[in-house]
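The values are calculated or read from the model by the stated rules, or taken from the named source; none is laboratory data. As the structure is a prediction and not an experimental result, all values here were calculated from the model. Note that we place each Cβ from the backbone using ideal geometry, even for glycine, and neighbour counts take in every protein chain shown. Ligands, DNA and RNA are stripped out before the accessible areas are found, and what is left, the full protein with its side chains, is counted by its heavy atoms. Shrake-Rupley method; radii C 1.70, N 1.55, O 1.52, S 1.80 Å.
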Amino acid sequence: MDWIADYWERVESLPVRSQVKPGQVRGQLPSTPPEVGEPFDAVLADFDTIVVPGLTHWQHPGFFAYFPTSTSGPAVLAELLASGLGVQGMLWQTSPACTELEQHVLDWLAEMLALPEKFTFAGTGGGVIQDTASSAILVALVAALHRVSGGQVAHDGVQRGRYAVYTSTQANSALEKGVRISGLGASSIRFIETRPDLSMDPEALRLAMKTDVAQDIIPVMVMATVGTTSTGAVDPIESIGRICREYDVWLHVDAAYAGVAAVCPELRWIHQGVGAYADSYATNPHKWMLTAFDCDACYVADREALVGALSVLPEYLRNTATDSGAVVDYRDWQVPLGRRFRALKLWAVIRCYGVEGLRTHLRHSVTLAQQFAAWVDADDRFELMAPHQLSLVCFRLRGPDEPNQRLLEALNASGRVYLSHTVVHGAFTLRLAIGGTATRYEHVAAAWDLIGRIAAACR
């Protein structure tokens, strides 16, 4: 614990992105494992000299590259408790508190996000903590296939060319991986074009569905995004939902990055249409809500579809509690059988920060992003490339791509900041994502100063 506390104190002095070369870390490790055990002090010494220099520091206040995986003291302490307990929560009876605390804390979070009752255990659905939004997408897809096929897919598999899945051209690539794993194949995806603000075009979606139905292809699921990875775009859930309702298609809302923003009442516009139309919904407290990787809050409106798709009950897992139907067995809500006690850290974070403390953190990030965007907008050398309603700003130097590529390389080589890039409307674009636990005004101001000075040379 002292080491972690010291690390948080000194992380700002370290280069954000690791400076090691490929193979450098392995080159410092013995070629064979030790025959005789060593004291932990020796492990920690090598950790300092070998591992730490090979880290990119996600908790650095100058880390702006990807959406944050922000952690906090309460989350770390709860993770230590979970590791010490070593609980395996596959069934209710293997640790009742592991299951019931997760049910309760996810109902809390649903209330904090103003999600409808159907997503809680008081309604027809409920929540489960997956590792990441990728797993949430996969289980939603499997549940959607189960529903649309009346359970046939679970028994007979997927018939080639029979089903279609829809999402925006800006959506997370996890959907493509999900359709491969599910057996649908990448050819089943229909990538829907976007509007000028980079959100999904509902009319293009309607046309794609109409075309498939005319060819006897069955629409299975639409994945809409609240806060795309590339630019933070928010799809029009209400319009998309009406089309899904018209064609009886499962609507999954991937709000991995942005969903937690709805803890703030003034930002709940991002969820317009979710309550009325979504069949499943997922957001990551481990990104922007101080909860430490990995923790994805995944909700379904109809738990029977999910359990029906994923439940396999061998004799060695049978028990009185399961047979009674009075408990939740989370093994039926996920791909793996085993599961960690992830709910402990989410419970600890909500308890220790309180809803108001979490709102303060979220609002702080949004305010910093709007300030950065204002600086960009006021500088004639730069242009903003996408709407910046939350904590992500996409910007670039006006003109060709090459100076922007040089700018990004120089910034990241400096060790002071770490940014990433995307392509917006065909142009190489820099991304600055705010949300880290330690990031303050002075860090964003220093980043802007550095960007301006390096940009002068790159042009």
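Here are a few things to note about the model shown:
- Just one of the listed residues (ASP216, ASP212, ASP197) is charged (D, E, K, R), in contact (Cβ under 8 Å) with a residue 60 or more places away in the chain and either outside any strand (DSSP E or B) or on the phi < 0 side of the Ramachandran plot (or both), and it is ASP197.
- Residues in region 279-311 that are assigned to a loop (DSSP other than H, G, I, E, B) and touching a residue at least 60 places away in the same chain (Cβ under 8 Å): 11 in all.
- Any chance VAL253 is modelled with pLDDT under 95, among the β-branched types (Val, Ile, Thr) and either more than 21 Å from GLN159 (Cβ to Cβ) or not in a strand (DSSP E or B) (or both): no
- Residue pairs meeting the criteria (Cβ under 7 Å; at least 6 apart or on separate chains; first on the phi < 0 side of the Ramachandran plot and modelled with pLDDT under 95, in region 432-459; second among the basic types (Lys, Arg) and in a helix (DSSP H, G or I)): CYS458/ARG406
- Just one of the numbered conditions (1) modelled with pLDDT of 95 or more; (2) open to solvent by less than 40 Å² (accessible area, probe 1.4 Å) is not true of GLY185: (1).
- Of the residues making up region 242-259, not a single one is open to solvent by 10 Å² or more (accessible area, probe 1.4 Å), over 18 Å from SER70 (Cα atoms) and hydrophobic (A, V, I, L, M, F, W, C).
- MET112, sole failed condition from (1) over 14 Å from HIS252 (Cα atoms); (2) buried (at least 24 other Cβ atoms within 10 Å of the Cβ); (3) under 20 Å from the mean Cα position of the chain (by Cα): (2)
- In region 274-291, of all residues being surrounded by 24 or more Cβ atoms within 10 Å (Cβ to Cβ) and more than 13 Å from VAL260 (Cα to Cα), the one that is nearest to the chain's Cα centre (by Cα) corresponds to SER280.
- VAL128 vs. criteria hydrophobic (A, V, I, L, M, F, W, C), open to solvent by less than 40 Å² (accessible area, probe 1.4 Å), at pLDDT below 95 and in contact with a helix residue (DSSP H, G or I) (Cβ under 9 Å, 6 or more places away or on another chain): no
- Residue within region 225-236 that is in a helix (DSSP H, G or I), out of contact with any helix residue (DSSP H, G or I) (no Cβ under 8 Å at 6 or more places or on another chain), modelled with pLDDT of 95 or more and more than 24 Å from VAL335 (Cβ to Cβ) present: no
So that you can scan it fast, the table gives a plain yes or no per residue for (1) assigned to a helix (DSSP H, G or I); (2) more than 14 Å from the chain's Cα centre (by Cα):
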residue	(1), (2)
LEU138	yes, no
LEU141	yes, yes
ARG147	yes, yes
GLY150	no, yes
HIS155	yes, yes
VAL158	no, yes
GLN170	no, yes
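- For VAL335: the one exception among (1) surrounded by 14 or more Cβ atoms within 10 Å (Cβ to Cβ); (2) among the aliphatic types (A, V, I, L, M); (3) touching a helix residue (DSSP H, G or I) at 6+ places or on another chain (Cβ under 7 Å); (4) not in a strand (DSSP E or B): (1)
- Output for region 294-321, where each listed residue is of a type in the set (Phe, Trp, Tyr) and crowded, with 18+ Cβ neighbours inside 10 Å: TYR299
- Odd one out for ARG162, checked against (1) within 20 Å of ALA309 (Cβ to Cβ); (2) open to solvent by less than 50 Å² (accessible area, probe 1.4 Å): (2)
- The criterion of at least 1 residues that are open to solvent by 20 Å² or more (accessible area, probe 1.4 Å) is met, among strands (runs of 3 or more DSSP E) falling completely within region 343-459, by 382-384, 420-424, 427-433.
- Of ALA65, ALA75, all but one fail to be aliphatic (A, V, I, L, M) and more than 24 Å from ALA410 (Cα to Cα); the exception is ALA75.
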